[in-house]
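Asks: I have a structure I would like to understand better, so I am pasting it below and will then ask my questions one at a time.
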Amino acid sequence: LLYHGIGDHPRTLNVPLERFEGELRAIRRAGYTTITVSEMDRLLSGGRSFPDKPILITFDDARADSFLHADPVLERLGMKATMFVPTSRIAEESAFHTDWATLARFAATGRWDFQAHGHFAHDLIAVDGTGGMAEFLVNREWLADEQRPETQEEFVARVTADYASCRDRLRAGVPGATVVG
């Protein structure tokens, strides 16, 4: 299951808290066991066998409302989740994004796993010579000095380097994080 935020904000990809808790209670009643992406990586590597009904609960964007509202539900129900973090957005605590100290605090609970969403994942890049802008992760960047879009190979190298940067920043900002995704 993928969530972005928990709460009643009409302009964002949110799920109301009551619905979120209802969904988690339903999967618990159905006998599912939450695993994190780090645990899934170990399971796929043969470290141990999968539980009978594994399920991933994931969140994108390291949003403050996800931690504020989802963590108490995870704690009450004995569940875990994975947060995909766009590290360029992690700096100072804000009403929307969280900060490094908060990420480390939630990692220490054992309920949260952190994975790479990309460093510049949500940033816009130039995609043509007329000033058109689009999302970093899914578009070829316009190379203004060369008056051309990047090649497929350059695109793959840029995105791969971005994920590596995100992984390294997560490992530094959340000591002990097992960043595999």
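Asks: Just one of LEU13, LEU2 is open to solvent by 40 Å² or more (accessible area, probe 1.4 Å), without any contact (Cβ under 8 Å) to a residue 12 or more places away in the chain and closer than 23 Å to PHE136 by Cα; which is it?
Replies: Checking each option against the conditions leaves just LEU13.
Asks: When the residues of the range 16-39 are narrowed to those that are of a type in the set (A, V, I, L, M) and open to solvent by less than 30 Å² (accessible area, probe 1.4 Å), which ends up nearest to PHE59 (Cα to Cα)?
Replies: VAL37
Asks: Something else: Count, please, the residues in the range 76-127 that happen to be closer than 30 Å to PRO149 by Cβ, at pLDDT 95 or above and either part of a loop (DSSP other than H, G, I, E, B) or hydroxyl-bearing (Ser, Thr, Tyr) (or both).
Replies: 1
Asks: Can you name the residue in the range 67-112 that is over 16 Å from the mean Cα position of the chain (by Cα) and acidic (Asp, Glu) and, of all such residues, is nearest to ALA26 (Cα to Cα)?
Replies: GLU75
Asks: Related question: In the range 1-56, what residues are among the aromatic types (Phe, Trp, Tyr) and part of a helix (DSSP H, G or I)?
Replies: PHE20
Asks: Please list, ordered by first then second residue, the pairs with beta carbon atoms under 7 Å, 6 or more apart or interchain, first in the range 46-61 and closer than 16 Å to ALA81 by Cα and without any contact (Cβ under 8 Å) to a residue 24 or more places away in the chain, second part of a loop (DSSP other than H, G, I, E, B) and among the hydroxyl-bearing types (Ser, Thr, Tyr).
Replies: Partner pairs satisfying both residue conditions: LYS53/TYR32.
Asks: Are any residues in the range 152-181 β-branched (Val, Ile, Thr) and either open to solvent by 50 Å² or more (accessible area, probe 1.4 Å) or in a strand (DSSP E or B) (or both), and if so, which ones?
Replies: VAL156, THR160, THR178, VAL180 - these are the residues of the range 152-181 that are β-branched (Val, Ile, Thr) and either open to solvent by 50 Å² or more (accessible area, probe 1.4 Å) or in a strand (DSSP E or B) (or both).
Asks: For the range 40-53, which residues satisfy the criterion of being surrounded by 12 or more Cβ atoms within 10 Å (Cβ to Cβ) and either closer than 25 Å to ARG167 by Cα or β-branched (Val, Ile, Thr) (or both)?
Replies: MET40, ASP41, ARG42, LEU43
Asks: How many of the residues making up the range 132-141 are modelled with pLDDT of 95 or more and either in contact with a helix residue (DSSP H, G or I) (Cβ under 6 Å, 6 or more places away or on another chain) or open to solvent by 50 Å² or more (accessible area, probe 1.4 Å) (or both)?
Replies: 3
The values are calculated or read from the model by the stated rules, or taken from the named source; none is laboratory data. Since this is a predicted model, take the numbers as computed values, not measurements. All Cβ positions, even for glycine, are placed from backbone atoms using ideal geometry, and neighbour counts span all protein chains on display. SASA here: full protein model, heavy atoms, side chains in, ligands and nucleic acids out. Shrake-Rupley method; radii C 1.70, N 1.55, O 1.52, S 1.80 Å.
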